[in-house]
Structures are given as C-alpha cells and as structure tokens.
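**Student:** Attaching a single structure in structure tokens format; questions to follow.
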Amino acid sequence: SSEEERALKDLQLPAGYELIIDAKNVKYFDHSLNEEMINLFKTHGFTSILSYHCNMHSTGAGMSCLGLMPRSHFSIHSFPEESVLFIDFFSEGEMNLYSLYEDIKGILFDTNQEENFKSNQGDNFDVNVPDVKILWTQCMRGFREEFSDDYDSSMNPLDGEITQDIYGPKDDSTIKKRVVSLKTKYQNVEIVEILPKFHSISHISYVKSLSNDESYESLNKELYRTDKQVFLDGDLQSSLYGEVPYHEAMVHPAMMTHPNPKRVAIIGGGEGATLREVLKHNTVEEVVMVDIDEEFINLCRAHIPEWSDCSDLIGSSGGGGVGGEKA
C-alpha cells in the first residue's frame, strides 16, 4: 500500500542535520577531551548514549571514537602528531546544531585546558603552535521535496539560502558567526557575520586590520570589515556591503520624480534603511513606517544599527556626528 511504501521510505531516508568540524593546531589531546565532548552532547539534550567505543590508531598516537544515540550518532577522530581533531555529529529532526558548534569551539579555545595540558607536558609542549583554526559546516541530510508528501521546504528556514551559503560551505573563512537567531511571532530571523568573499578579503588581511601596526590594512580598517547579513525564514534579505545601493535605488528615483515630496509612507522596511534614505530629502515633513513585526525592528536596532544610522545627515540630532538619532 502507499502508506507502507511511505513508512519504508521514512525508515530508509532519515532526515536531519550533520555538523562537521575540522580543527587544526589543537594544543591538547587526552581522554578528558573526549569526555568533555560527550558531556557537551548531553547538555544539548542527547542524554542517552546507547553505544560508545574508542580505538587507538595503529601508530599509537590518537584515537577514533564512535557513539550511537537514539536518532543521533557522532564520531571523534584525533591526530595529535598533526594537531588535528575531526568531529562528525548527526541528529535527526529539524534541529539547528550551531549552538553545539559554538560550545565545541569554546572547549577547543579554552585557555585553562591548554594551561593544564602545558603543565603536564612540560618541556615537550610546543609553544610555537599557531592558534586553533576551525573549519565547519552544517549540512542537511534527507530533507528534499520528494522525501515526504508533507514536507514543505518553505516551512523549514534551514532549507534556504542560509544553509546553502553560510552554514553549508566548509572553507578557510574562519569568520562565520551567528549574531542572533530568533523566531518572532511572524518569522525566523537570523543575522550572521562573515568575511565577504566577493571582496576577496583574506583572513590575514582582516586580522591585520584589527591591529595598530601601521600596516595598510590597519590604516584602512573600513576596507576590511566583516559583512553582516540578514536572513528571514532562511532566505537572504539584506547585507551590510549591499544594502546601500539596494535602498538608494529603491527610494531616490521615486523621490526625485515627485516634484515636492512631503509625506511618505513606507510599508515594511523594518531594518530602517529605507527610512534613512527617505530622510535625505529635505522637503520631507512626515514619514510613517508600517511593519508587521515589531520584534524584528528591535533586533535590527540592536544588532545592525548601521542600516538605520542617520548621524551623518545634515540637521540630524547630534549635528551629524556619531551619536545622532537613529531612524
């Protein structure tokens, strides 16, 4: 029957998310590291470990550990001689594993653990090992239109551009950070910070821009800033590097076509950038912005104030300097 065929399909094609982490320049390896990882999995709700087994590598350095949990499994592979750690975690269901990644990163960057391991190693500890570098990806497994008759990709925010373009790729971009993730009454909001690849900004140049070493990068910090991107229900809405030409093109042709615009209505525009551009016209006496999602407006004010910054407009509160009114 069709019901039996569907049940068999569900069994053969479990749907979930896979988190893959490659960590280089890891400074400590011992059994406590694996124990910490397992305890971390438990704090994220994966409390029942049905099977757990570790094997030492043939060289005697490093080990591979496999764990099986209800509807989830994980593997941890360590290679101390290369200072490399590999973690693969899969969980069924629509669970975003980004918070798990953040906590794993916290363990790998834990200076207390490093100091403890350094004291145990004594003269064998290599002080010249570079800082930890992490490559990671969160992949969707099993989610697709034909997987289930009831599955609707538009209802799954992680089946959108944010997974394809941000969480999915695993490359040498070490700046891939979630600024905020929240489900409002109306939509899923994700704001992320990344290195803008289309501007060919390398991680080395970005790090130099944060210093005060009189390098070109440090003297021109604005050329090497990270990009912020806004996703609603998984799809890209706006970005720091692209929002200015987008909103300028949206607003100014209409404003300049009108002989004397005084009263303006903005339907939507929760980021505040459309309002910012409208206020550049000194004929405007009144602007009303209507947006259905007040929570989204407040998130934008808190996390992407650049979109609504009017401090450089002549006549704004604060005389056009930093600290003027926000749209």
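The numbers here are math on the coordinates, done by the rules we state, and not lab data. Predicted model only: the values in this text are computed from it and were never measured. Neighbour counts run over all protein chains shown; Cβ positions are idealised from the backbone, glycine included.
**Student:** Under 18 Å from the 7 Å Cα→Cβ point of D291, by amide nitrogen: which residues of region 202-246?
**Tutor:** 228-246
**Student:** Still on this model: Rounded to the nearest 0.05, what FRET efficiency do M255 and D152 have when you use their Cβ-Cβ distance and R0 = 51 Å?
**Tutor:** Details: r = 39 Å, r/R0 = 0.76.
The value I calculate is 0.85.
**Student:** Between L219 and F86, 0.36 nm times their residue separation minus their Cα-Cα distance comes to what?
**Tutor:** Values: separation 133, 0.36 × 133 = 47.88 nm, distance 3.75 nm.
The L219-F86 span can extend by a further 44.1 nm.
**Student:** Now for a different question. Computed FRET efficiency, Cβ-Cβ of K24 and H53, R0 35 Å: what is it to the nearest 0.05? Could the numbers behind the result be given before it?
**Tutor:** Details: r = 26 Å, r/R0 = 0.73.
E between K24 and H53, to the nearest 0.05, is 0.85.
**Student:** Residue-wise, which Karplus ³J(HN,Hα) couplings in Hz belong to region 288-298, taking 6.51 cos²θ - 1.76 cosθ + 1.60, θ = phi - 60°, and x for glycine or proline?
**Tutor:** Computed from phi, the couplings for region 288-298 are 10, 10, 10, 9, 6, 10, 5, 4, 5, 4, 5 Hz.
**Student:** Additional query: To the nearest 0.05, what FRET efficiency results for L40 and V179 with a Förster distance of 22 Å applied to their C-beta separation? Write out the running numbers ahead of the final one.
**Tutor:** On the way: r = 22 Å, r/R0 = 1.01.
My answer for the efficiency is 0.50.
**Student:** Exactly which trypsin sites (Lys or Arg not before Pro) in region 177-282 are in a DSSP loop and have at most 15 other Cβ atoms within 10 Å? Could the numbers behind the result be given before it?
**Tutor:** Values: sites: K177, R178, K183, K185, K197, K208, K221, R225, K228, K262, R263, R276, K280; in loops: K185, R225, K262, K280.
Here the trypsin sites (Lys or Arg not before Pro) that fit, given the DSSP loop and packing criteria, are K185, K262, K280.
**Student:** Shifting gears a bit: Check M63: other-chain or 5+ apart residues with amide H under 5 Å from its amide H, H built from backbone geometry?
**Tutor:** H57, S78
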